[in-house]
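Remarks on the structure that follows.
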Amino acid sequence: MSTLSLTIDGQKVEVAPGATILAAARKLGIVIPTLCHVEGFAPSASCFICAVKIEGRPGLSPSCAMPAAEGMKIATNSEEVRAARKTALELLISDHTGDCVGPCKTGCPARLNIPNFITGVATGDLRAAAEIVTDDLTLPASLGRVCPRLCEERCRRCDMEGALSIRNLHRFTADTDRKTPAPYLPKKEKATGKRVAIVGAGPAGLAAAHHLLRRGHGAVLFDAHPQPGGMLRYGIPSFRLPRHVLDAEVGMIRALGGELRLGRKLGRDVSLEELRRDFDAVLLAVGAQGSRGLGCPGEELAMPAVDFLEKIEDGQPPAIGNDAIIVGGGNTAMDACRCAVRLGAKNVRVLYRRTRREMPCLREEVEAAEEEGVKIEYLVAPVKLERKNGKLTLTCQRMELGAPDASGRRAPVPVAGSEFEVEAACVIAAIGQMVNFDKKSAGEMAFSKWGIAVDPRTLATNLPGVFAGGDAVTGPDLAVRAVADGKLAAASIDQHLKGESVIGAPEAVNVLMGKLNEEEMAELFRDIEQAPRAPMPHLPMEKRLATFEEVELGFPPDVAALEPNRCLGCGCGKAIPCRLRAYATEYGVDPNRFDGEKRHFARDTTHPDIIFEPGKCIMCGACIQVAIAAGEDVGVSFFGRGFGARITVPFDKPMAEALKTSAKRAAEVCPTGAIMLKTSGCIGCRLA
Ligand SMILES: Cc1cc2nc3c(=O)[nH]c(=O)nc-3n(C[C@H](O)[C@H](O)[C@H](O)COP(=O)(O)OP(=O)(O)OC[C@H]3O[C@@H](n4cnc5c(N)ncnc54)[C@H](O)[C@@H]3O)c2cc1C
Ligand code: SF4
Ligand code: SF4
Ligand code: SF4
Ligand code: FES
């Protein structure tokens, strides 16, 4: 027989005897995923990703190794086949050891491409850094001042002498670019003619506008306040976030074409029905504007912290006298007490019902407040507030920590008979905010326990064409999460406007190494010198106590130029071409489905051209074949069996001797980042 005839996914194809099913499928243009297969080499059939179903045969067969036969009927993409591939991928990835992308990047809710912008700063290409920072992150200079640095908690450098100063570097990048004659303005796609109404010009609304405008849509922001910025303006004081910085960042959104209709309140000046009628989509980003009271008799005598802060912003600071008590332990409490100091109060006390460890604000905020003279009393809760002899008297009770509550923190429990009284000219309640969106103005919209109910994948509400994000959905949270929500909402709204299915912003599968053991840390930090984290210069104390001038002054250029050198450039140099990651993403793989023992992190950088990371090896054998084909004297081979099996160089020779002429080809055929070129942009390059 000169040719064989077979049917693949219902299509007939003819191939020469000896051809594999994979080759026959390719002839039809049908793509079957492969990992261990290398064109021209004998099949190793070790990965099973190319599995297909042959009618009449039990189980599935590897198409790269299975010869085609006359009359075969094959399914390459049935549910059974896809499920088998997914399981094979989950098994392969279950013990994979590496960081696909820098852990800092996955730590930033807005997914700022940290390693790439840091490279820009490190190489002195501040414009390139500014482009990344401005495109990825709305309000990079503002977040560069107030973000609690979620990214830095994940920085690998934490295991050495302290995280890289990522937040201060993106602040520096954005501040420097803003001062250039032509600051970077993101490019816009062609105008689509579609218009989106965004209610709320806080971080969530501004971020949505930023990303919608870039996609060519129109964005009109409605806000009840006379100025944009939400809690960044009316909550966070100017000594942490100067208004000219916020104004300039809002100016960028205006320059992109964003229209701001200020002093316009949904439910008062405009209705949801009107917005749904007049615009192609609506985003509700109204924040959590309501204040919680002290929760005790007389709570109406206390001033809500957000009202206090807003009055200062409006230039009408309330008279607070000499003694001020602030109840609470979050950012709002810290901002309120530091404002009280600046308004001249001599005796500023913060009462918090848990201990310092449980305080939800940044450590540095507590330290700054204490440096400025604020006294913080822990394990104290208010019981009653009353006015006596022209002064406020707060009855308090001592607390102790009991079992953890729903938030995971140990719940404060009153100590019987421990009541005591404190006097103050003013008591400020900084207990927390809540979503107080007027439900009457929301029509049929569904609500959750925290705020507006949405599909978390897309931020779509139950009303067609209406999306919601930021604090309005989560309850009081963080500015960077609101910015991330705005970005996600823009992606979903864009899909909605184009008539596509709304799927949000699915991400590629990322394997993360997690916490390293001591041996692995020694391996990671081999050849890396200790270098302390750059300190932030501060305004002198005498000015801090008397003015609302910015306290953290920002990195001077020489410091900003040195700090990026501490970055390890984490992330895999082959994250984009890696086929294991691409298929894992395509097949919706859960990298932790088979959670078990992981390989150890190790890295061999001794070869002049390549880096070998055995933890990323899937034992496909392609490098062995390449070395044999190249006639290498030493080559590489499998060693051991089962979980402990690995690729090694025989006789403990160095990798440079094993792959003398075939290293680059091995990096090419290796389907993962186990063998990669030193020029591929990972840490290994810096070590070379
Ligand atoms: C005092 C304080 C300090 C904080 N400190 C920090 C910090 O250090 N770091 C940090 O990350 N986060 C901090 N936060 C939290 C952060 O500010 C918020 O998480 C963030 O601003 C939420 O953004 P948003 O856009 O969802 O809502 P918001 O910022 O609240 O913006 C909502 C906007 O909607 C408008 N709006 C509301 N209702 C209507 C309506 N009916 N019609 C029209 N407009 C309406 C409001 O005027 C407002 O401008 C702080 C918050 C406060 C209060
Ligand atoms: S916005 Fe916050 S989490 Fe994101 S990179 Fe900046 S400091 Fe890190
Ligand atoms: S060392 Fe650099 S790349 Fe690695 S986690 Fe830290 S900031 Fe990110
Ligand atoms: S190192 Fe060799 S055996 Fe391991 S995945 Fe890469 S090519 Fe395959
Ligand atoms: S078994 Fe066919 S590509 Fe791996």
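The values are calculated or read from the model by the stated rules, or taken from the named source; none is laboratory data. Note that the structure is predicted; figures quoted are calculated from it, not measured. Backbone-built Cβ (ideal geometry, glycine too); neighbour counts: all protein chains shown. What goes into the accessible areas is simple: the full protein's heavy atoms, side chains included, and nothing from ligands, DNA or RNA. Shrake-Rupley method; radii C 1.70, N 1.55, O 1.52, S 1.80 Å.
Summary of computed values
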{"item": "Residues of type lysines that residue 265 reaches as a straight line, Cα spacing below 25 Å, ignoring anything fewer than 8 places off in the same chain", "result": "194, 311, 439, 440, 449, 487"}
{"item": "Largest-first ellipsoid semi-axes for region 440-596, taking √(5λ) over the Cα gyration tensor eigenvalues, angstrom", "result": "37, 31, 15"}
{"item": "Shape box of region 251-299 [Cα atoms, principal axes, largest first, Å]", "result": "49, 29, 17"}
{"item": "Of all accessible heavy-atom area on region 4-77, the percent that carbon and sulfur account for (1.4 Å)", "result": "56 percent"}
{"item": "Accessible surface of region 579-687 [probe 1.4 Å, protein heavy atoms]: carbon and sulfur percent", "result": "53 percent"}
{"item": "Sites residue 542 and residue 457 - FRET efficiency at Förster radius 51 Å, r taken between beta-carbons, to 0.05", "result": "0.50"}
{"item": "Share of pairwise Cα separations in region 279-431, more than 28 Å, in percent", "result": "20 percent"}
{"item": "Region 611-659 and region 214-292: distance between their alpha carbon centers, rounded to Å", "result": "58 Å"}
{"item": "Cα-based Rg of region 217-270 normalised by 2.2 N^0.38 Å, two decimals", "result": "1.21"}
{"item": "Low-density loop positions, GluC sites (Glu not before Pro), region 18-90 - DSSP coil, at most 15 other Cβ in 10 Å", "result": "39, 55, 70"}
{"item": "Heavy-atom accessible area per residue - region 4-77, 1.4 Å, Å²", "result": "45 Å²"}
{"item": "Ellipticity estimate at 222 nm from DSSP helix runs (n ≥ 4, -39,500 (n - 2.57)) divided over the chain, nearest 500", "result": "-8500 deg cm²/dmol"}
{"item": "Size of electric dipole in region 579-687: Cβ of Lys, Arg +1 and of Asp, Glu -1, about Cα centre, debye, nearest 20", "result": "140 debye"}
{"item": "Cα gyration tensor shape of region 201-318, rounded if a/c is under 1.5, else prolate or oblate by comparing a/b with b/c", "result": "oblate"}
{"item": "Kirkwood hydrodynamic radius (C-alpha pairs) into Stokes-Einstein, the chain, 37 °C and 0.692 mPa s, D in µm²/s", "result": "114 µm²/s"}
{"item": "Summed side-chain charge close to residue 401 - residues other than residue 401 whose Cβ falls under 14 Å, Lys, Arg +1, Asp, Glu -1", "result": "+4"}
{"item": "For region 460-549, alpha-carbon Rg and Dmax in angstrom", "result": "22.4, 59"}
{"item": "Tail fraction, Cα-Cα pairs, region 4-77, threshold 14 Å, whole percent", "result": "53 percent"}
{"item": "Gyration tensor over alpha-carbon atoms, region 579-687, equivalent ellipsoid semi-axes in Å", "result": "24, 16, 14"}
